[in-house]
Amino acid sequence: MTSAPGLVRDDLQPAPEPSPPQQVANLAVFALVVDLFGIALVVYGAKLLRDYNHGHVLATLVGALLVLISLYPLWPTIQGFSGARKRSGLLGGGQLVAARRAAARGREDASIGLGYGVAAIIVGCLMWLALTNQGAVADTFFRVNAWSQSFSQAIQGFWINIWVAVVSFVLVLIFGLVLAIMRMLPGRAGAPLRLIATVYCDVFRAIPAIVTVLLVVFGVPLAFTFTQTWNSAYLGVVALTLTYSAYVAEVYRAGLASIHPSQTAAARSLGLGYAQTLRAVLVPQAVRRMVPPLLNDFISLQKDTALLSIAAIPEVLTVTKLWESKLFTLAPVTLAAVFFIIITIPQARFVDYLVNKDAAKRAGG
Amino acid sequence: MAFLEIKDVRKSYGDFEVLKGVSINVERHEVVCLIGASGSGKSTLLRCVNQLEEVNGGEILIDGDTVTGAGVDLNRLRRDVGIVFQSYNLFPHMSVLKNVMLAPTMVAGVNGKEAKEKAMALLESVGMAEKAGSYPDMLSGGQQQRVAIVRALAMEPRIMLLDEITAALDPELVGDVLEIVRQLAHDGLTMLLATHEMGFAKEVASKVCFLEQGAILEMGPPKDIFENPQEERTQQFLSRVVKSGRL
């Protein structure tokens, strides 16, 4: 190709001025103000904590420790100030590059001081929120003696949540697979079954889970009288299975659809039939992608077992609500929340781990 | 009677006609090259031959038997027709060896031990034996493509379709792959291949077809097509190829 004079013109692109070092001092001053405000809030929170516990030694120690920690951001902030001094010294001495580096380090330090200072403000606010009004919040949600009274019954109730979740999910995995296969049947022959499965998934994803639970747990014994002798938790299992199968069918379908069509083309062109392609090529690859969303659905299902409380099934929320009305504090319900937190967070972290591992593998590929 | 007869094949996606009546005969042991710009229908034609795409008109015969239309046992057909894709399409969840062994064991019913021996021999022949336990992601593009060729060969196809198999490779990896194809041509494998490697086409092909917008504009021995093209569009295409340094 011939060269094109006029595409690049030096006269239109003058050399830029060398960039000056960034400002440091103003950032450091801002960080210092934030840090001091944070410390003040934490000190106040520590005082509230001590007062609320009538000067108990442990409360005093915890407060003192929090105050000590809140002092930490002062250190990087001070380093930020020394960076600012260094910057102006070097700039005065004409060492532009060194001044830029000193400024960058100073800003980094001051930013750390700022970030930790903001965190101290948040912690201080939370302490204030929890203990203000003579500890109204703490009394309402975190009363230790209410916890110890309700604990053993709450944990028995929680056992129902766990087995309902596990049994439901096993059924969901099976029923969801049936739905997914129905939705993927090919040709005109499969059209009516495809339609039924599609309508099912749409309907049960549209109905709020609490409505399904209500209809099944109260309605089924009226409509099918032989179920009146059943443990109503079984009906809860049925309701949750109906709802979650719709979601899981979608996960299966999306997982298989996410495998690139070129994989099917490669398998079919080697002479593999449709079922063989599914078994040897598509499903093994799709399963890896389906595990994280399936686990997410499992976690949601565990939490939705609390919906069974509307049918007075003695699961954790039902039990703790009884304790709530007995003790006039919500603390037992908070305990139920804690149970859910304890079992759910490790699973959520595990899902993140799987997703990251998969992402890293693809990026590294 | 030619081994592969493509008769007036038409293919449309909706209103867009990709193939507008293409006819090619490929004799046994013959190597036929399809050249032409991207979008001219080369890949679609290859995918019609093994019925990854259904034709909308015309017919295709292999060894005298119609393979287009309803009622054809596609799985049986595809055992005889190997295809290698531009993007390799190896199965990422299987080792190289398993990739090669899958179809012989699952489709042809060869027992595991025998299939393994044959797969190893084939991998050996393309210099990939020491990578038998590796997974596709761990291999370079050229290595993956060599495995893909071997995977198709493991079914002992009577004809091979190669769909721009070097187009996705770094330039320095192209040679190894082409060397294998050269060897296959020398051994007498019937092949129909789409390629942008004009020099290679010139060397191995007994017949070159220039496709333009879904129709064959010019067909003949490579010497005629490359050195004395009759059609203006063929001349323009080849001169652009020369400019890009590919011929």
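Just so you know, all these numbers are worked out from the coordinates, no wet-lab data involved. Quick caveat: nothing in here was measured; it's all calculated off a predicted structure. We place every Cβ from the backbone using ideal geometry, glycine too, and count neighbours over all the protein chains shown.
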So, for the Cα atoms of the range A:123-202, Rg and Dmax in Å stand at 24.6, 71
Rounded to the nearest Å, the spacing of the alpha-carbon centers of the range A:149-200 and the range A:96-130 is 49
Along principal axes, largest first, the alpha-carbon spread of the range B:100-247 in whole Å comes out as 55, 29, 26
With -39,500 (n - 2.57) per DSSP H segment of 4 or more residues and division by the full residue count of the protein assembly as shown, the 222 nm estimate, nearest 500 deg cm²/dmol, is -20500 deg cm²/dmol
Mean 1/r over distinct Cα pairs of the range B:65-157, inverted to a Kirkwood Rh in Å, yields 13.6
Expected max-MSF residue from B:Val147, B:Val49, B:Val107 in the GNM of chain B (alpha carbon, under 10 Å) is B:Val107
On the formula 1/(1 + (r/R0)^6), with r taken between the Cβ atoms of A:Val144 and A:Val33 and R0 of 22 Å, the FRET efficiency rounded to 0.05 is 0.05
Computed on Cα atoms, the radius of gyration and Dmax of chain A in angstrom are 31.0, 93
Within the set A:Ala104, A:Ala165, A:Ala130, GNM on chain A using Cα springs under 10 Å gives the largest fluctuation to A:Ala104
Counting sequence-distant residues (5 or more places) and residues on other chains, those with an amide H built under 5 Å from that of B:Leu34 are B:Leu193, B:Ala194, B:Thr195, B:Cys209
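Give me the Kirkwood hydrodynamic radius of the protein assembly as shown in Å, from all C-alpha pairs, to one decimal place?
Details: mean 1/r = 0.0317 Å⁻¹.
Kirkwood hydrodynamic radius for the protein assembly as shown: 31.5 Å.
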On each of the three principal axes the extent of the alpha-carbon atoms of the range A:106-168, given in whole Å and largest first, is 56, 37, 15
Computed from every Cα-Cα pair in the range A:154-287, P(r) in 5 Å bins starting at 0 and rounded to whole percents is 2, 10, 15, 17, 17, 13, 9, 7, 5, 3, 2, 0
At R0 = 22 Å the Cβ-Cβ FRET efficiency linking A:Val211 and A:Ile174, nearest 0.05, sits at 0.40
Quick numbers on the range A:76-187, Rg and Dmax over C-alpha atoms in Å, give 29.6, 81
Put in order of increasing Cβ neighbours within 10 Å, starting from the fewest, A:Lys326, A:Lys321 give A:Lys326, A:Lys321
Quick note on B:Cys48, A:Cys201, ordering by fewest other C-beta atoms within 10 Å, gives A:Cys201, B:Cys48
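Taking neighbour counts of Cβ atoms within 10 Å as a proxy for exposure, in what order, fewest first, do A:Ser152, A:Ser168 appear? Show your work: numbers first, answer last.
Numbers: A:Ser152 9, A:Ser168 25.
By the 10 Å Cβ count, ascending, the order reads A:Ser152, A:Ser168.
Please report the orientation-averaged projected area of the range A:206-365, defined via the convex hull of its C-alpha atoms, in nm².
Details: hull surface 53.6 nm².
Result: a mean projected hull area of 13.4 nm².
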Listed by chain and number, the residues whose amide H is under 5 Å from that of B:Val81, excluding neighbours fewer than 5 places away on the same chain and using placed H, are B:Arg158
The answer for GluC sites (Glu not before Pro) in the range B:43-94 that fall in a DSSP coil and have at most 16 neighbouring Cβ atoms within 10 Å is B:Glu54
Of the DSSP H helices in chain B, the ones reaching 15 Å or more along their long axis in Cα terms and averaging at least -0.5 in Kyte-Doolittle hydropathy are B:96-106, B:141-153, B:171-186
Cross-link reach from B:Lys113 to lysines, straight Cα distance under 16 Å and at least 8 residues apart if same chain, gives B:Lys98
Rg/Rh over Cα atoms for chain B, Kirkwood Rh, comes to 0.97
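If you take each beta carbon of peptide A:259-265 and count the beta carbons of other chains within 10 angstrom, what is the mean?
Values: counts 1, 3, 2, 5, 5, 2, 8.
Counting Cβ atoms of other protein chains within 10 Å of each residue's Cβ and averaging gives 4.
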Projecting the Cα atoms of B:Asn25, A:Ile196, B:Pro229 onto the charge dipole of the protein assembly as shown, where Lys and Arg contribute +1 and Asp and Glu -1 at Cβ, the residue farthest towards the positive end is A:Ile196
GNM on chain B, Cα springs under 10 Å; top mean-square fluctuation among B:Gly109, B:Gly71, B:Gly21 goes to B:Gly71
The long-range amide H neighbours of B:Gly57, using H built 1.01 Å from N in the peptide plane and a cut-off of under 5 Å, are B:Arg10
Partner lysines whose C-alpha sits under 18 Å from that of B:Lys207, ignoring same-chain residues fewer than 8 away, are B:Lys7, B:Lys42, B:Lys223
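Report the charge-dipole magnitude of chain A in Debye, nearest 20, computed about the Cα centre from +1 at each Lys and Arg Cβ and -1 at each Asp and Glu Cβ.
It comes to approximately 800 debye.
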Diffing the range A:320-328: the Karplus 3J(HN,Hα) column from phi (6.51, -1.76, 1.60, θ = phi - 60°), in whole Hz with x for Gly and Pro, holds 6, 5, 4, 5, 4, 6, 6, 9, 6
The aspartates and glutamates whose Cα lies under 16 Å from the Cα of A:Lys357, excluding any fewer than 8 residues away in the same chain, are B:Asp137
Note, the range B:211-222: 3J(HN,Hα) by Karplus (6.51, -1.76, 1.60, θ = phi - 60°), whole Hz, Gly/Pro = x, goes 9, 9, 6, x, 9, 7, 8, 7, 9, x, x, x
Once normalised by the length of chain A, the mean sequence separation of its alpha carbon contacts under 8 Å that are 6 or more apart gives a contact order in percent of 18
Two pseudo-spin positions, 7 Å from Cα along C-beta at A:Val137 and at A:Val8, lie apart in nanometres by 6.3
At q = 0.23 1/Å the base-10 log of I(q)/I(0) from the Debye formula over the alpha-carbon atoms of the range A:25-137 is -1.05
Between the residues B:Val150, B:Ile216, A:Gln95, the Cα farthest towards the positive end of the dipole of the protein assembly as shown, that dipole coming from +1 and -1 charges on the beta-carbon of Lys, Arg, Asp and Glu, is from A:Gln95
Once phi for every residue in the range A:46-54 is put through the Karplus expression 6.51 cos²θ - 1.76 cosθ + 1.60 (θ = phi - 60°), the whole-Hz ³J(HN,Hα) values, with Gly and Pro written as x, are 5, 5, 4, 4, 5, 4, 4, 8, 6
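Nearest 5 is fine: what % of DSSP beta bridges in the range B:4-243 come out antiparallel, could you say? List each step's numbers first, then the result.
Details: 20 of 37 bridges.
In the range B:4-243, DSSP labels about 55 percent of beta bridges as antiparallel.
Partner chain Cβ atoms within 10 Å, averaged over the residues of B:143-152 - can you pull that number for me?
Working: counts 0, 0, 0, 0, 0, 1, 0, 0, 2, 3.
Average neighbour count from other chains, rounded to a whole number: 1.
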